[in-house]
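Accompanying notes for the structure given below.
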Amino acid sequence: MAVLFHVDLDAFYASVERIDNPDLAGKAVIVGAVPGHRGVVSSCSYEAREFGVHSAMPISQAVRRCPAGVFVPVRMDRYLEVSRTVMNILQTFTPELQQISVDEACMDMSGTERLYGAPPEAGRRIKEAVKAQTGLTLSIGIAANRYLAKLASECCKPDGLYFVKPGEELPFLDGLSLGDLWGVGERTRERLLELNITSVQALRAHPLDILCSMMGEAGGRYLYRACRGEDPGIFASTAAKSHSLSSETTFERDVKNADTIRRTILELAQQVMHRLLVENLRTNTVVLKLRYFDFATTTARKTVKHWISSSDELYQLALELLAQRWNGCTAVRLVGVGAANVAAPGQAIQGELFAEDFDKRLKVEQTVSRLRQKMKGLKLTKASLIDRHGT
């Protein structure tokens, strides 16, 4: 039987800020733009969420909802450093680790019972190891597939552990609301309510052809599988050791704002480039993934004739793909950035004519990475992650 763990670090950015500054403990921490300037919330603590603050929310709205919040700037280099530490810990439990984003991962723990005990016991060991070495808490969902494991991790946050036992998948799902189904956003819920579908059980009563006629082909198929506990393909199946790697983000609410989407792509590009550097890998191909409000999913890729040497270059190539696949007004629920055709140093590619320029740019990225590792209090932020109006 497959045993999948979905690991989700709790309020990751805000939690890292608290570790570095204990005075923030218990306060409503909001990571993102500075109040009074243009920008959005990147992450926030659970105390801030109680005021209705959430990621991708305009910072001006966050200030109105939580005026007593502590607003701190994004320090992506620091988050990537801590993320890598956590991922290294997770890899000591299984080599079958798929990093999904800076704060999420899927672990295939099938067949590890003799090493770590039953799934709940293994989950407790993982949580204890991460807490002991980083001070961070995480939530773990355990199930027979990635989708159910993701739902289980969401329902037990923060600092939770939930095991969907074999045979209990449908009762687990029926205990959730439609809004708890991962990927079912506000617009989809409104459409379902218009159709008098008010529960997961009611959704499951509708045949596939009816759902497709009501919600569109992509949306109908997604919902049909999701309400039955089948994995509708929420994450790419690429493993960490394969010839590609990626990072993606699902917005809490569907997003149309171009600045928010571009900023998210930049953060994802930084994550991907950081992983390439840490794993001593190179790529010449960028992949962009978009999932729209209606569940329709598209991917695009671009291959260049040289090794990509920086997160900025990765970002610019991803923006070119965005212009091809997004019309600027369709609501987006998920964005992913990936690197394909990944290779180890020494492997040549046709058309590598500017090795000197590549080496120069690469050295800058490597220097930043080393500074981040050696000087843990140093704040390094990409200029393009700083709001152009001063944030």
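Scanning the stretch 72-87 finds one or more residues that are basic (K, R), surrounded by 15 or more Cβ atoms within 10 Å (Cβ to Cβ), touching a residue at least 24 places away in the same chain (Cβ under 8 Å) and not in a loop (DSSP other than H, G, I, E, B). Being under 30 Å from N280 (Cα atoms), of a type outside the set (S, T, Y) and at pLDDT 95 or above holds for only one residue in D77, D20, and it is D20. Residues of the stretch 35-56 that are more than 20 Å from R18 (Cβ to Cβ) and either part of a loop (DSSP other than H, G, I, E, B) or aromatic (F, W, Y) (or both): G36, H37, R38, G39, G52, A56.
Residues are listed down the side, and each one gets a yes or a no for (1) under 23 Å from Y79 (Cα atoms); (2) outside any helix (DSSP H, G or I); (3) touching a Lys or Arg at 6+ places or on another chain (Cβ under 6 Å):
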position: R114; (1), (2), (3): no, no, no
position: A122; (1), (2), (3): no, no, no
position: S139; (1), (2), (3): yes, yes, yes
position: K165; (1), (2), (3): no, yes, no
position: G183; (1), (2), (3): no, yes, no
position: E190; (1), (2), (3): no, no, no
position: L193; (1), (2), (3): no, no, no
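Report yes if some residue within the stretch 180-203 is farther than 30 Å from R301 by Cα, without any contact (Cβ under 8 Å) to a residue 60 or more places away in the chain, surrounded by fewer than 21 Cβ atoms within 10 Å (Cβ to Cβ) and within 19 Å of the chain's Cα centre (by Cα); otherwise report no. Yes: one or more hits. Please work out which residue is modelled with the lowest pLDDT, limiting yourself to the stretch 128-167 and to residues that are of a type in the set (K, R) and touching a strand residue (DSSP E or B) at 6+ places or on another chain (Cβ under 6 Å). It comes out as K157. Checked against the criterion of being under 27 Å from L24 (Cβ atoms), in contact with a strand residue (DSSP E or B) (Cβ under 8 Å, 6 or more places away or on another chain) and assigned to a helix (DSSP H, G or I), the stretch 96-103 has no qualifying residue.
When residues in the stretch 328-362 are screened for being more than 17 Å from R263 (Cα to Cα), modelled with pLDDT of 65 or more, in contact with a helix residue (DSSP H, G or I) (Cβ under 9 Å, 6 or more places away or on another chain) and assigned to a loop (DSSP other than H, G, I, E, B), 1 of them pass. When you scan the stretch 101-111, do you find a residue that is among the acidic types (D, E) and exposed (fewer than 15 other Cβ atoms within 10 Å of the Cβ), even just one? Checking the stretch 101-111: not a single residue is among the acidic types (D, E) and exposed (fewer than 15 other Cβ atoms within 10 Å of the Cβ). When G175 is tested against (1) under 22 Å from V3 (Cβ atoms); (2) assigned by TED's automatic domain parsing to the domain that holds L90; (3) without any contact (Cβ under 8 Å) to a residue 12 or more places away in the chain, just one condition goes unmet, and that condition is (2). Among all residues of the stretch 82-99, there is none that is over 22 Å from the mean Cα position of the chain (by Cα) and over 24 Å from L266 (Cβ atoms). Checking each residue in the stretch 267-297 for being of a type in the set (K, R), at pLDDT below 90 and within 19 Å of D103 (Cβ to Cβ) picks out only R275. For the residues K127, K157, the requirement of being part of a helix (DSSP H, G or I), of a type in the set (D, E, K, R) and touching a Ser or Thr at 6+ places or on another chain (Cβ under 8 Å) singles out K127.
The values are calculated or read from the model by the stated rules, or taken from the named source; none is laboratory data. This one's a predicted model, so the numbers in the text were calculated from it and none came from an experiment. Neighbour counts run over all protein chains shown; Cβ positions are idealised from the backbone, glycine included.
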